[in-house]
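Notes follow the structure.
The values are calculated or read from the model by the stated rules, or taken from the named source; none is laboratory data. Note that the coordinates shown come from a computational prediction; the quantities given were computed from them, not determined experimentally. When we count neighbours, we look across all protein chains shown, and the Cβ atoms used for this are built from the backbone with ideal geometry, even at glycine.
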DNA sequence: ATAATAAGCGGAGCATACTCCGTTTGTCAA
DNA sequence: TTGACAAACGGAGTATGCTCCGCTTATTAT
């Protein structure tokens with residue numbers, strides 16, 4: 001990679017980060033970002049094929065950090081499996097609320113499939129979620145565990161979550177309801 | 001409503017339906033529709049504030065029909081609760097696959113909240129789903145039942161479902177996995 | 001029938017995502 | 001150092017969703 005290209009990539013990330021601090025992600029256009037970065041739109045798009053990918057790049061560190069932290073937590077369980085899972089959920093929802101604008105862009109952009117589902121990060125997220133689900137899901141195959149991880153992630157995607165919040169549920173209530181649903185339960 | 005306005009609305013619906021038969025929904029622009037309908041874009045947008053709403057209008061009958069049919073089925077159960085639920089799921093997925101392009105436009109458009117979640121149709125769909133879930137969900141509050149209906153709908157939304165299919169799961173496998181997850185289960 | 005009026009029309013125009021391609025520049029072999 | 005060239009640049013251009021507003025027309029009261 002040429003040196004100037006590397007510098008431009010950083011300029012883009014900086015410009016985007018600054019603009020996203022100033023106003024809502026949805027209110028920042030790609031042209032705005034190029035302008036503030038002091039580059040042409042062509043250069044912007046060569047570095048990041050669309051807004052979602054740019055947001056993904058900006059979220060990478062945060063998400064990696066979250067995953068690393070949670071993996072540590074799950075390694076040495078400090079409470080019951082159920083409590084452990086509920087806490088995991090709560091922290092995941094907390095994390096998401098903090099970065100909701102970037103995540104919404106990623107999850108609702110026209111390129112969800114490639115940007116979100118096909119990213120290595122999604123795989124990591126699924127792996128983490130599987131680890132969190134395993135202790136509360138006896139006797140299910142790996143394939144089914146993966147399926148449930150996918151479903152859990154899907155349930156908490158921005159649109160669905162926003163709707164639940166709008167309906168009046170708090171983060172905690174949502175975490176509890178999800179727990180009830182996912183935890184192996186006998187009447 | 002003025003008579004010419006009513007005629008135009010029909011012209012729009014016809015034009016859209018025809019174009020959507022010719023090529024993919026995503027490959028048809030609002031301008032195309034206006035042109036084929038023989039009206040201005042302003043008129044088009046006065047009738048349908050965005051592409052998602054137009055797709056919703058085109059789906060209304062189909063969905064209504066599905067709901068009505070399922071309500072009948074659920075009224076006189078012909079098999080075990082579990083089987084009943086799995087069959088409901090299968091039919092829902094079948095229905096969705098048949099209309100997937102319209103549904104994708106509705107569920108992934110920028111106006112999901114108003115077009116999808118806040119539509120009376122979503123309420124009906126939730127009610128139906130609650131009816132389907134009730135026999136397999138002992139002892140849960142109405143609020144929690146509604147929550148689970150929301151989650152079920154969310155899990156099967158176009159992005160999430162497309163991903164599962166892409167992963168190699170068949171419609172039947174997905175229905176089974178979902179059933180396992182939703183049906184009250186004891187080890 | 002006619003005039004007044006509100007309901008509706010249409011398309012120019014705007015914003016934004018994204019592409020294309022002629023020009024420039026960093027890199028590296030000689 | 002310099003020449004050659006791939007890599008990268010940048011911005012004009014395109015496509016599309018959507019708005020705005022001056023003009024037209026159906027309706028209705030007289």
Legend entry - Top-ranked residue in the stretch A:32-49 [being over 12 Å from residue A:16 (Cβ atoms) and within 8 Å of DNA strand C (Cβ to nearest atom); ranked as nearest to the chain's Cα centre (by Cα)]: A:49
Legend entry - Cβ pairs under 6 Å, 6+ apart, first in the stretch A:65-92 and assigned by TED's automatic domain parsing to the domain that holds residue A:161, second surrounded by 15 or more Cβ atoms within 10 Å (Cβ to Cβ) and outside any helix (DSSP H, G or I): A:82/A:183
Legend entry - Test result for residue A:128, buried (at least 17 other Cβ atoms within 10 Å of the Cβ) and either in contact with a strand residue (DSSP E or B) (Cβ under 7 Å, 6 or more places away or on another chain) or within 14 Å of residue A:60 (Cβ to Cβ) (or both): no
Inset, instruction - Please enumerate the residues belonging to the stretch A:165-187 that are under 22 Å from residue B:116 (Cβ atoms) and at the interface with chain B (Cβ under 7 Å from one of its Cβ atoms). - result: A:177, A:181
Legend entry - residue B:108 vs. criteria over 18 Å from residue B:71 (Cα atoms), in contact (Cβ under 8 Å) with a residue 12 or more places away in the chain, out of contact with any strand residue (DSSP E or B) (no Cβ under 8 Å at 6 or more places or on another chain) and within 16 Å of DNA strand C (Cβ to nearest atom): yes
Inset, instruction - Check whether at least one residue in the stretch B:56-75 is within 14 Å of chain A (Cβ to nearest Cβ), within 16 Å of DNA strand C (Cβ to nearest atom) and more than 14 Å from residue B:131 (Cα to Cα), and report yes or no. - result: no
Legend entry - Spans of helices (runs of 4 or more DSSP H) in the stretch B:1-47 with at least 3 residues more than 8 Å from DNA strand D (Cβ to nearest atom) and either in contact with a strand residue (DSSP E or B) (Cβ under 7 Å, 6 or more places away or on another chain) or farther than 19 Å from residue B:61 by Cβ (or both): B:3-22, B:30-37
Inset, instruction - Please find, among A:27, A:11, the residue that is within 14 Å of chain B (Cβ to nearest Cβ) and within 16 Å of DNA strand C (Cβ to nearest atom). - result: A:27
Legend entry - Qualifying positions in the stretch B:153-183 - in contact (Cβ under 8 Å) with a residue 12 or more places away in the chain and within 17 Å of residue A:144 (Cβ to Cβ): B:155, B:156, B:161, B:171, B:172, B:174, B:175, B:176, B:178, B:179, B:182, B:183
Inset, instruction - Evaluate the following for residue B:52: is it within 16 Å of DNA strand C (Cβ to nearest atom) and under 19 Å from residue B:116 (Cβ atoms)? - result: no
Legend entry - Evaluation of residue A:19 against (1) outside the structural domain of residue A:161 (by TED's automatic domain parsing); (2) within 30 Å of residue A:178 (Cα to Cα); (3) free of Cβ contacts under 8 Å to residues at least 24 places away in the same chain (one fails), failing number: (2)
Inset, instruction - Report, by residue number, each residue of the stretch A:134-149 that is at the interface with chain B (Cβ under 7 Å from one of its Cβ atoms) and modelled with pLDDT of 95 or more. - result: A:144, A:147, A:148
Legend entry - Check on residue B:89, buried (at least 17 other Cβ atoms within 10 Å of the Cβ) and within 26 Å of residue B:166 (Cα to Cα): yes
Legend entry - Enumeration of residues in the stretch A:111-122 that are free of Cβ contacts under 8 Å to residues at least 24 places away in the same chain and away from chain B (no Cβ under 12 Å): A:120
